[in-house]
Amino acid sequence: MIKKQSLKGKKQVKVTFALPLEVVEGKFSVVGDFNEWDPSKNALVKRANGTASATVNLKAGEQYAFRYVSEDGNWLNDEEADAVQVSPLGTKNSVVLT
């Protein structure tokens with residue numbers, strides 16, 4: 001699930017990436033173009049609302065490929081992503097438009 005909020009006075013969008021807790025076993029991160037695909041940068045944090053999420057401020061008017069990855073190397077896409085694109089490796093990545 002993806003939630004977007006424009007930041008007033010800035011050309012940025014606050015994007016919250018979230019997965020239901022029943023999907024999240026162990027540690028998960030959101031990785032993508034916005035963090036060099038580095039799982040150590042945006043770990044998902046378990047929330048009281050039944051999700052695990054991470055929030056990132058992104059430049060408005062752009063598109064960013066991303067995926068979720070677990071600590072044991074399990075990759076997930078977001079079914080609610082704005083689009084899907086094929087990566088240079090031949091895998092499918094989720095895309096968020098800001």
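Lysines within cross-link reach of residue 27: Cα-Cα under 29 Å, excluding same-chain residues under 8 positions apart?
Partners found: 3, 4, 14, 41, 46, 59, 92.
Using Cα-Cα distances under 8 Å and only pairs 6 or more residues apart, what relative contact order does the chain have, in percent?
Averaging sequence separation for qualifying contacts and normalising by length gives 26 percent for the chain.
Cα centroid distance between region 52-98 and region 1-29, in Å?
11 Å
Describe numerically, in nm with one decimal, the distance between label points set 7 Å from Cα along Cα→Cβ at residue 76 and at residue 60.
3.1 nm
Viscosity 1.002 mPa s, temperature 20 °C: Stokes-Einstein D of the chain from its Kirkwood Cα radius, in µm² per second?
Numbers: Rh = 13.6 Å.
Answer from the Stokes-Einstein relation: 158 µm²/s.
Among residues other than residue 69 whose Cβ falls under 11 Å from its Cβ, what is the net charge (Lys/Arg +1, Asp/Glu -1)?
-1
Highest first, please rank the peptides 51-62, 84-95 by the mean number of other Cβ atoms sitting within 10 Å of their residues.
Descending packing order for the listed peptides: 51-62, 84-95.
Please give the peptides 6-13, 25-32 ranked by average Cβ packing (other Cβ atoms within 10 Å per residue), highest first, as a rough proxy for protection.
Going from most to least packed, we get 25-32, 6-13.
Connecting C-alpha atoms closer than 10 Å in a GNM of the chain, tell me which of 34, 66, 17 has the biggest fluctuation.
Largest GNM mean-square fluctuation: 34.
Taking R0 as 30 Å, what FRET efficiency do you get between residue 85 and residue 6 from their Cβ-Cβ distance, rounded to the nearest 0.05?
The computed FRET efficiency comes out at 0.80.
Bear in mind that the values in this text are calculations on the coordinates, not laboratory data. All of these numbers come straight from a predicted model, not from anything done at the bench. Note: ideal-geometry Cβ built from the backbone for every residue, glycine included; neighbour counts use all protein chains shown.
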